[in-house]
Each structure stands twice: as structure tokens, then as C-alpha cells.
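The values are calculated or read from the model by the stated rules, or taken from the named source; none is laboratory data. Every value quoted in this text rests on a predicted model; they were computed, and no experiment measured them. Quick reminder, even Gly has a Cβ in these numbers, built from the backbone with ideal geometry, and neighbours come from all protein chains shown.
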Amino acid sequence: MGFDWIKITNAEKDQLIAHKILLFDCFNTEEGSQWYQSHYNMGHWHYSSDIKSAIDLINRLSSKNIITEIKVIKTNSFLCRMFHKTLNKKTNFHESHSLPMAICVATLTYFETEITNKKRA
């Protein structure tokens, strides 16, 4: 089934990255989830809407030898894909209206998280 990228909120997208990709262990308990939410409300981990957070995501992935390739097509049109530095694993480019969103879609696709409607991200 997967996650419908158009229907879920940015907060849900960001939590999906934190939980499924970065493997934050705070989601294992109610207290941990509350801790995450309070820090999220303070501005942390806004991967889908904040370029600084998206760059932090890229840096975290690069420590695992995952390379991010970005192309700027025009204003409000970005392409992004991920590939492994040594393994023969890469994704297709994903286009979005914002760079943080393109980074998120490429990341989730690289890690084989099933998302639908990503072409309209």
C-alpha cells in the first residue's frame, strides 16, 4: 500500500524520514514520541520543508557512503537521486517543486520505502 505523498502532511513526511530512514529509536515509547514531537515543534528535523534539515539528512546519508546528486532545472524545479559510493545501487531522479522535498522523495525511494504520488511531490 505505502504512503500517499500528496495526502500526508509535512510533519508526517518528516517523521517517516526520522523513523524509517534515520532509525530514530525514540518512537519505541510514548515518552520518546513526545520527546520527538516537542523537539520537532522547536524546529528540528523539518526535512521536507527546511533546506538546512535536508542538508543534514544528506550529511547523515553520506556517512553511510550514500551520494546525493541534485540538478536544478529551473526556479521551483529540482531533480534529486541517491546512489551508493561503491555498491551498484541507485535510484532514478525525482522531481519536485522544492529541493528539500526532492531530497526526501529520493531518500525514501533509495531505501525502498513505498510511497505513491511521488511524481507530484
Revision key, fill the gap. Those residues of the range 5-17 which are surrounded by fewer than 20 Cβ atoms within 10 Å (Cβ to Cβ) and of a type in the set (A, V, I, L, M, F, W, C) amount to Ile6, Ile8, Ala11
Point to revise | Members of the range 40-51 found to be touching a helix residue (DSSP H, G or I) at 6+ places or on another chain (Cβ under 9 Å) and either exposed (fewer than 13 other Cβ atoms within 10 Å of the Cβ) or not hydrophobic (A, V, I, L, M, F, W, C) (or both), listed by number | key: Tyr40, Gly43, His44, His46, Tyr47, Ser48, Ser49, Asp50
Check your understanding: Cβ-Cβ below 7 Å, separation at least six or inter-chain, first residue in the range 35-47 and of a type in the set (A, V, I, L, M, F, W, C), second surrounded by 12 or more Cβ atoms within 10 Å (Cβ to Cβ) and assigned to a helix (DSSP H, G or I): which pairs?
Key -> Trp35/Cys26; Trp45/Asp14; Trp45/Ala18; Trp45/Ser53
Check your understanding: Quick check, is Lys64 outside any loop (DSSP other than H, G, I, E, B), of a type in the set (D, E, K, R) and under 20 Å from Tyr110 (Cβ atoms)?
Key -> no
Review point. Out of (1) part of a loop (DSSP other than H, G, I, E, B); (2) modelled with pLDDT under 95; (3) surrounded by fewer than 14 Cβ atoms within 10 Å (Cβ to Cβ), the odd one out for Leu23 is which?
Key: (2)
Practice item. Return yes or no: is Ala54 out of contact with any Leu (no Cβ under 7 Å at 6 or more places or on another chain), under 19 Å from Ile6 (Cα atoms) and part of a helix (DSSP H, G or I)? Key: no
**Study point:** Test result for Thr107, within 21 Å of Tyr40 (Cβ to Cβ), of a type in the set (Ser, Thr, Tyr) and either under 10 Å from the mean Cα position of the chain (by Cα) or part of a helix (DSSP H, G or I) (or both)
**Key:** yes
Practice item. Please work out if Phe3 is over 24 Å from Asn117 (Cα atoms) and either touching a residue at least 40 places away in the same chain (Cβ under 8 Å) or touching a His at 6+ places or on another chain (Cβ under 7 Å) (or both). Key: no
